[in-house]
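Just below is one structure, and these are the notes that go with it.
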Amino acid sequence: MPLWKRNLVVVWIGSFLTAAALSLVLPFLPLFIEELGVNGRQEITTWSGVAFGATFLVAAIVSPIWGRLADKKGRKLMLLRASLGMSIVMFLISFVQDVYQLVFLRLVMGAVSGFISAGITMVASQTPKEKSGWALGTLSTGGIAGGLLGPLIGGFLADMIGLRPVFLFTSIPLFLTFLVTYFFVKEDFVPLQTKKMASAKEIIQSLRHPELILSLFLTTFLIQFAAQSISPILSLYVRELSPGTERLALLSGIVASAPGIAALIAAQRLGRLSDKIGAERVLFFALLIFAAFLIPQAFVTDTSQLIILRMGIGFATAALMPSVQALLRKHTPANASGRIFGYNQSAQFMGNFLGPLAGGQIAGHFGFEALFLFTGLIVITNAVLERTQTAVLSKKHS
């Protein structure tokens, strides 16, 4: 088996375990904040957005640094750092006494996180370009599958053993990820000397289509902004739709997992489609599909309708990020891939940070319906902008 395929398998396993561990807590994060002494819908939604987004604010700042270090020292080191660091922080979160300590540790989590992004960089840099769509689509199923099972497991455990012990449980698969990576990932990497590393300005100047790369960064930001705006307050929306449920954490876990079901089924097929007809086309239509399933969530009247629509979101998501990553791989020099993917990861993290903050404020002041309408319009605008950018490039090549 070629080295890139073997590493793909190992990084897939690590991505699965990481995503499962991190998504365990999502269904009940607002409930945990409520348990820490925060009361009132607006206060809970605000602190949920802050606690959820804090990780991604710091991650957005440090991601280019880790990307540069990955180009210099290798991607495996980044995988080891992220998995061990997240395991330790998740363990400590189980002992927090107030929401301020929770937010602080979520900030620390952002500083040490990045396993999945480092794995994407490794796979993208090692995979032949003609196989990049398939490989990145396959890799995405690891995170999708972990994200699918994580909320279900987290919701079940929260109802069975309480909220706080779930964080202890979460640290275990993260440590297992560290061990799997240490023993099984092999990287044929030649370190770059610092003096030979191009500056950020030189990297941008070396790109064939810098305007395309910047538009992809914007697309990544907007995708995550729209997708994550509801995540930290999803359980509150489920409680509003199903006020009589006795299994709120579990039901929230099912809703949170719904996108993963469709994405897991579709990811590899859409990756092959991207290789066949072009990532540009797949990206455009996936954005439209994303919006088509996002906007109607403002008008649902029960949880079953919400689950169906969120499965549609998952189908679109399965094509979105692999398409962006395939385009970045196609238009990025190999010696700068770590930093380009690091910048893209910063855009993703900023979306993860600002989306929950904006989502909490919009839902708290104007209701959940306004949130879905607002983010849906953002995605449609992004589709139009992306289509315009690719059309300009096509004219240049014609």
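The values are calculated or read from the model by the stated rules, or taken from the named source; none is laboratory data. This one's a predicted model, so the numbers in the text were calculated from it and none came from an experiment. Heads up, the Cβs are rebuilt from the backbone with ideal geometry, glycines too, and the neighbour counts pull from every protein chain shown. When the accessible area is computed, the model is the full protein with side chains, heavy atoms only, and any ligands, DNA or RNA have been set aside. Shrake-Rupley method; radii C 1.70, N 1.55, O 1.52, S 1.80 Å.
Of note:
- With respect to being under 26 Å from Glu246 (Cβ atoms), open to solvent by 20 Å² or more (accessible area, probe 1.4 Å), more than 20 Å from the chain's Cα centre (by Cα) and touching a residue at least 60 places away in the same chain (Cβ under 8 Å), Leu149 falls outside the description.
A quick yes/no check of all residues on (1) at pLDDT 85 or above; (2) part of a helix (DSSP H, G or I):
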site: Gly119; (1), (2): yes, yes
site: Gly133; (1), (2): no, yes
site: Gly146; (1), (2): no, yes
site: Ile153; (1), (2): no, yes
site: Met160; (1), (2): no, yes
site: Pro165; (1), (2): yes, yes
site: Glu187; (1), (2): no, no
site: Pro191; (1), (2): no, no
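- Residues of region 109-118 satisfying the condition of being in contact (Cβ under 8 Å) with a residue 40 or more places away in the chain and farther than 13 Å from Met321 by Cβ: Met109, Gly110, Ala111, Ser113, Gly114, Phe115, Ala118
- Restricted to region 27-85, and to residues there that are acidic (Asp, Glu) and modelled with pLDDT of 80 or more, the residue that is farthest from Val99 (Cα to Cα) is Glu43.
- Set side by side, the residues Ala358, Ala370 differ, and just one is more than 26 Å from Leu270 (Cα to Cα), at pLDDT 85 or above and under 18 Å from the mean Cα position of the chain (by Cα), which is Ala358.
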